[in-house]
Structures are given as structure tokens and as C-alpha cells.
1. Please state which of the following conditions Pro63 fails to meet, knowing it meets all the rest: (1) of a type outside the set (A, V, I, L, M); (2) touching an Asp or Glu at 6+ places or on another chain (Cβ under 7 Å); (3) more than 30 Å from Thr289 (Cβ to Cβ).
2. Would you check which residues across segment 173-191 are open to solvent by 70 Å² or more (accessible area, probe 1.4 Å) and touching a strand residue (DSSP E or B) at 6+ places or on another chain (Cβ under 9 Å) and list them?
3. Six or more apart or on different chains, Cβ atoms under 6 Å: show the pairs whose first residue is in segment 216-236 and on the phi > 0 side of the Ramachandran plot and whose second is modelled with pLDDT of 95 or more.
4. Report whether or not Glu271 is surrounded by 15 or more Cβ atoms within 10 Å (Cβ to Cβ), outside any strand (DSSP E or B), touching a residue at least 24 places away in the same chain (Cβ under 8 Å) and among the acidic types (Asp, Glu).
5. With part of a loop (DSSP other than H, G, I, E, B), open to solvent by less than 40 Å² (accessible area, probe 1.4 Å) and touching a helix residue (DSSP H, G or I) at 6+ places or on another chain (Cβ under 6 Å) as the only criterion, which of Gly293, Gly304, Gly246 stands out?
6. Check whether at least one residue in segment 48-59 is open to solvent by 60 Å² or more (accessible area, probe 1.4 Å), free of Cβ contacts under 8 Å to residues at least 40 places away in the same chain, over 15 Å from Val90 (Cα atoms) and not in a strand (DSSP E or B), and report yes or no.
7. Quick check, is Val113 surrounded by fewer than 20 Cβ atoms within 10 Å (Cβ to Cβ), within 30 Å of Glu143 (Cα to Cα) and β-branched (Val, Ile, Thr)?
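The values are calculated or read from the model by the stated rules, or taken from the named source; none is laboratory data. Since the model is a prediction, treat every value here as computed from it, not as a measurement. All Cβ positions, even for glycine, are placed from backbone atoms using ideal geometry, and neighbour counts span all protein chains on display. Only protein heavy atoms, including side chains, enter the accessible area calculation; ligands, DNA and RNA are left aside. Shrake-Rupley method; radii C 1.70, N 1.55, O 1.52, S 1.80 Å.
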Amino acid sequence: MKVLANDGISETGVSELEAAGFEVNTTRVAQEQLINFINEQGITVLLVRSATQVGKDVIDNCPTLKLIGRGGVGMDNIQVAYAREKGLHVINTPAASSESVAELVFAHLLGGVRFLYDANRNMPLEGDSKFKQLKKSYAKGSELRGKTLGIIGFGRIGRATAKIALGLGMKVIYFDPYIEKGNVQVDFFDGQSVSFNFESMGKSELLQQADFITVHVPAQKEYIIGSKEFDSMKDGVGIVNAARGGVIDEVALLEYIEKGKVSFAGLDVFESEPKPEIQILMHPKISLTPHIGAATGEAQDRIGSELATQIISLLK
């Protein structure tokens, strides 16, 4: 059986699949050529990340396909229900990248409270000529310790984010309409662990209490955070979105940054991805990464291995 990993797969995943007798092709096929390529090559398994779209056209016109796999959590680029109606297996890797995304959230938060997003732009330009002025500009940072982190969405990534927050000495609160109670266990290097129990609070209550807010929800039809939500927040709040573009109203975000209501934002995903708006890209109070939440070597190895295990179990 042939596997097309159209958006790539780790060497770990390739090795495990080949050891089980699968032929793995990592050629990047353009979206408009995908159907023809699958049919010409007799592809049985199509693996994607977020770039490749697997709509009804692919599902209906590729009779050799038996399984569609998403290397990651969200599957909004796949017509999941339709594929399953047509008898295809659809799998993803919900646990593999949680820690990597959570660490990126804190890269944005730690950089935000110490102005690294702006300092790293200005130091190369003026560090040798305006060192003292820059030092004064960035000398009013704050600590995360002792502050309240509000987490919207308390699934695997939300809980992984909570673990880091707890380790830094933050207070954690969360809102999730589907998870009334949540447990987080923080494990340490020496085998010790500490367990914490949480209960979901109302969204409006979280917005009012949180010093920093991070969003961990699937793609939505409507904004999770828009003008109404920004109005409810504390002055000087920091916001991170490493979930999906479109869960935060970026026009409203820019407006509330300009008002001073939001002190900084960290964005790994964007409404108009893969061409984010220039106003977002150029804003001095927004920390930017190009949708790399799961892009660590460790996460990619786990994703590849988890995909391989599921494929082998379902098709062998």
C-alpha cells in the first residue's frame, strides 16, 4: 500500500511505515494536481497537515483512498464527516504536539512582558547608537509569576499550557463549555508530581480576572474574542493565539492595542493565513510566528510515530 505524506512526515514515521510494508512518498503535490496524482499512483493513505485541503472533490474522485490522516490536532482542512460517510478512515494526532504548542505560548508571553518582540527589531538597527535610550524604553517589564492566566479551551493543549503556568507560579483559570472540571498533573524531573483540580468559570468572569489570555479552541464560525470581549478585559492584558486564525477579531485586536487596553499580543495563526494582513505584521506590539506551534523535532517525531501506529493498526 502506498502512502502520500503531502505536507511531510518525520523520518521516524517513514521508518515505522516502511517496516510494516508501506511505500511512503513525501513528494509535495500541488492542490490542483492532487487528485490526478493520487489516482495515477494508486495512493491508499493521504497524510496532510494544515496546507493540503481534503474536500469532497478529493474524497469523491480518489477511489483508491482508504485513509486520511492529519498530522496535528485540528481537522478543519478535511471534510471529516463526509469522508467517514464514504467509508474512509480519518485520523489525527491530538496528543503529540500539545507540549510544543504550550511552550510556544510561553515564548510569546515571556517575550511580551519583556518587550522582546520589539527589542529584537530595534537592537539590530539602533543598538550601537541608541543603547541607553533603548534600555530606558524596555526597562518597565513585568513578571509572569503571581499573575493570572486565563485559558479559553481546556483540552490537551490548554492543560499543557496550564502546567507551564503553574510551574512559573501563575494562577490558572479556564473557560470551556464542554469541560466542566479538569485535572492537571505537573511532573518533575525527579519523579515527583503535583496534581491540581480546576473548574470552568464563565467566559465573562475569566475575561475580567485574567492578566493574560491564551486561546485553545478549534476553528469557529464566529469570533471567540471580539470588541465585546475586549471591553470586558483588564487594562493592559496580554493575549496569545496559537490555535486557529479567525478565533480572534484582528481588526478589533489592533483597535484595542491602540487604545492601550491590550498591552501586547502573540500570534502564531492569522485570519488571512497564509498572507497575514500587513497591519498585523508591522505592528510594534505584536509578537509574530508563522504557524509553528507543533514545529519542533520532538513533536514531529511523535506525530509521525502516532500516525504510523494508527495506520498500521487500521490497514494491516
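1. Unmet condition: (2).
2. Glu180, Lys181, Asn183, Gln185, Asp187, Phe188
3. Gly236/Ser263
4. Spelling it out, Glu271 is indeed surrounded by 15 or more Cβ atoms within 10 Å (Cβ to Cβ), outside any strand (DSSP E or B), touching a residue at least 24 places away in the same chain (Cβ under 8 Å) and among the acidic types (Asp, Glu).
5. Gly293
6. Looking through segment 48-59, at least one residue is open to solvent by 60 Å² or more (accessible area, probe 1.4 Å), free of Cβ contacts under 8 Å to residues at least 40 places away in the same chain, over 15 Å from Val90 (Cα atoms) and not in a strand (DSSP E or B).
7. In short, yes.
For every residue, the table says whether it meets (1) of a type in the set (S, T, N, Q); (2) within 21 Å of Arg70 (Cα to Cα).
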site	(1), (2)
Lys259	no, no
Phe270	no, yes
Pro276	no, no
Pro290	no, yes
Thr296	yes, yes
Ile303	no, yes
Ser313	yes, yes
